[in-house]
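Scroll down for the structure; my scribbles are underneath it.
Readers should treat all values here as calculations from the given coordinates under stated rules, not as data from a laboratory. The model shown is predicted, which means the values in this text are computed figures rather than measured ones. Here the Cβ is made from the backbone with ideal geometry for all residues, glycine too, and neighbour counts use every protein chain on show.
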Amino acid sequence: MKIFVFDLDGTILQDSHDIHPKNLEAIEKLMELGKEIVFASGRMLPSMMKLLRRYFSQQFPMIAYNGSVAWLPEVGKILDVKIDPHTAAKVIEILREMKIHRQAYIEDRLVVEEENEQAKAYSDHSQIELTIVPDLVEAVKENGATKLLAIDEPDKLESIIAFLKSTFPNLAIFKSFANYLDFVPAQVDKGRALQLIANHKKWDLSEAVAFGDNDNDIALLKAVGLKVAVKNGTQTLREVADVIVEENTQGGPGIFILDMLQRGAIG
């Protein structure tokens with residue numbers, strides 16, 4: 001395998017949002033061997049950059065916002081897809097009526113209209129400052145949105161997914177965490193963003209391995225030659241995987257890679 005693609009939260013990050021030491025050790029060994037490393041996340045691009053700078057002196061290709069943005073160190077953004085202003089405004093209005101926390105990602109800013117517990121917790125999690133506006137509908141009408149996010153109790157979110165999908169056929173709507181519901185343009189996913197990076201880099205994705213934990217990683221795993229899920233991953237993702245490794249809290253991806261290196265399975 002020549003290309004290694006890592007989801008962040010729930011996969012190589014511990015629940016404390018730090019990279020597990022085993023995963024860090026494995027990635028550093030892959031870097032020494034000159035392997036290609038890609039990070040893919042539902043996080044904002046600035047949040048990914050800030051996190052990875054804590055651990056690495058070099059930059060990597062990144063897929064952000066669940067595939068709405070693909071970024072290369074030597075080029076910048078090679079993909080930047082947005083939800084159109086009318087659709088974004090309608091989603092916000094519906095979530096507001098349902099009394100569900102909603103936030104928008106606009107030009108790499110985390111934008112909210114209520115500084116509540118959910119907004120503060122997400123800001124702490126992503127290490128990105130909140131931008132507070134008086135009316136989120138007006139903010140997205142002006143700019144559109146790279147991604148929208150609803151945050152609430154898992155059961156409440158589950159109960160509205162079918163309605164939202166039927167109301168917005170032009171959006172991909174899925175859970176990235178039990179209490180997070182993501183909205184991105186329908187043509188967007190991590191797998192398509194990875195393929196775009198591969199085309200730019202002239203990579204063969206049959207030589208790639210991807211690691212994930214959630215349903216938003218299904219397209220990512222389907223795009224590569226070796227599909228790896230962590231044990232804490234969703235049932236749907238684990239059904240797609242070729243290999244299931246130990247949980248994120250145990251450093252499963254790192255253990256798997258270090259074992260392959262020891263056995264000479266990675267040249």
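Below, the figures for the structure above:
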quantity	calculated
14 Å cut-off, amide nitrogen to a point 7 angstrom out along ALA178 Cα→Cβ, residues in segment 121-165	152-158
Vicinal HN-Hα couplings computed from phi for segment 204-216 (Karplus, 6.51 cos²θ - 1.76 cosθ + 1.60; Hz; Gly/Pro x)	9, 6, 5, 9, 10, 10, 10, 10, x, 9, 9, 4, 6
Label point distance in nm, ASP204-ALA265, each placed 7 Å from Cα along Cα→Cβ	2.0
Prolate/oblate/rounded call for segment 85-185, Cα gyration tensor, a/c under 1.5 rounded	oblate
Percent RCO, i.e. relative contact order, over the chain, from Cα pairs under 8 Å lying at least 6 residues apart	22
Spatial separation of Cα centroids for segment 121-137 and segment 227-241, in angstrom	31
Interchain or long-range residues, amide H under 5 Å from LEU110's placed H	THR131
Over 32 Å (Cα to Cα) - which of LYS50/LYS202; LYS22/LYS82; LYS50/LYS227; LYS141/LYS227; LYS120/LYS141 fall in this group	LYS22/LYS82; LYS141/LYS227
The chain shape via C-alpha gyration tensor axes, a/c threshold 1.5	prolate
Largest to smallest principal axis extent of the C-alpha atoms in segment 12-98, angstrom	50, 32, 16
Net dipole in debye of the chain [+1 Lys, Arg Cβ; -1 Asp, Glu Cβ; about Cα centre; nearest 20]	740
Charge dipole of segment 85-185 about the Cα centre (unit charges at C-beta), most positive-ward option of ASN116, ILE132, ILE160	ILE160
Selection of trypsin sites (Lys or Arg not before Pro), segment 1-86, meeting DSSP coil and at most 14 other Cβ within 10 Å	ARG54
Label-point separation in nm, LYS231 to ARG96, each point 7 Å along Cα→Cβ	4.6
For segment 85-185, size of Cβ-based charge dipole, Lys and Arg +1, Asp and Glu -1, in debye	380
